[in-house]
1. What's the local net charge at K264, with K and R +1, D and E -1, over the other residues with C-beta under 14 Å away?
2. In the structure shown, do any of K83/K240; K83/K158; K108/K158; K83/K253; K83/K269 have a Cα-Cα gap over 26 Å, and if so which?
3. Which whole-number percent is the relative contact order of the chain (Cα, under 8 Å, 6+ apart)?
4. Farthest toward the dipole's positive end in the chain, which of I223, Q34, L16, given Cβ charges of +1 (Lys, Arg) and -1 (Asp, Glu) about the Cα centre?
5. Helix-derived [θ] at 222 nm for the chain: sum -39500 (n - 2.57) over DSSP H runs of at least 4, divide by residue count, nearest 500?
6. Between rounded, prolate and oblate, where does the range 90-189 land on the alpha carbon gyration tensor, with a ≥ b ≥ c its root eigenvalues, rounded for a/c under 1.5, else prolate if a/b exceeds b/c?
7. DSSP loop chymotrypsin sites (Phe, Trp or Tyr not before Pro) in the range 51-125 with at most 16 other Cβ atoms within 10 Å of their Cβ, which ones?
8. Would you mind ranking R59, R172, R73, R49 so that the residue whose beta carbon has the fewest other beta carbons within 10 Å leads the list?
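What follows draws every value from the coordinates through simple rules; no lab data is involved. All figures in this text were calculated on a predicted structure; none of them were measured in a lab. We place every Cβ from the backbone using ideal geometry, glycine too, and count neighbours over all the protein chains shown.
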Amino acid sequence: MLHPAGKKKKRLIKWLKIILIIYVAAVIVLYFIQDWLLFHPTVLPADYRFQFNVPFDERKVAYDSTTLFDIVRFMPANDSIKKGAVVYCHGNMENILRYAAFANNFTKHGYEVWMMDYPGFGKSTGKASEKKLYDWAMQVYKLARSRFGSDSIILYGKSLGTGIATQLASVRNCKRVILETPYYSIPSLAKRYFFMYPVDWFIHYKIPSWEYVKKIEVPLTIIHGTNDGVIPYSNALRLKEFLKPGDEFISVKDGSHNDCYTFKETVDKLDSLLRN
């Protein structure tokens, strides 16, 4: 007959096995759904016709046999006052239609805005990868560079796009870099939600913004709301130690993830940067 202590130990081992199986199963599930958790695209028909309130043109660039990048170039209403181009790396939601309204922040100052959807977003096709995101930004930069000197190109990142913009700025010259609601790295964000799992081991996307920020030689401005519930203010604040003299970290008091430009201080700051 099994001793009571032995029965207790046997039950404990049984429950530990169950917990381990559940834990491993959760890791496997997270591994396979991580792209779904990170990206929230809205697909558009290939023949969808954009309509915007500013002049624009659209072009498509083939990356490989399955990946086609859809690019929209927004232009100043007054074509004679062009100062340069803004390569705009947008966030992880929907498609260009969501971010097009922000183009006016730049076109009113005489800048073209080059914006492209990631694979699987809008009319862009193919499957995303970290390398493709970097290659995407490089392709847009080259198109802008064919029209303007590097000292007339601004790299702008919003949310997910901030890491892409920093990577590009670490390997290509530009006038300045502006980051709206950036992050330290993708794993550092994932750990906020899945702290009990080995995120560093299984996550597909690293995008170590902190490593790229250290390599940026041009002026860098960071804008982040103190009440950001998507990318915590504390996460972005970790980038501050890598800023060089002359860089700025603008804290928008009470600002959240998507409303920084409802605050006058943010609009005034961007206007002051673009007037130069």
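1. -3
2. K83/K240; K83/K253
3. Values: 486 pairs, mean separation 39.0, N = 276.
Answer for the chain is 14 percent.
4. L16
5. So the calculated ellipticity at 222 nm is -11000 deg cm²/dmol.
6. rounded
7. Within the range 51-125, the qualifying chymotrypsin sites (Phe, Trp or Tyr not before Pro) (loop, at most 16 other Cβ atoms within 10 Å) are F52, Y63.
8. Working: R59 12, R172 16, R73 20, R49 7.
Placing the least packed residue first, the sequence is R49, R59, R172, R73.
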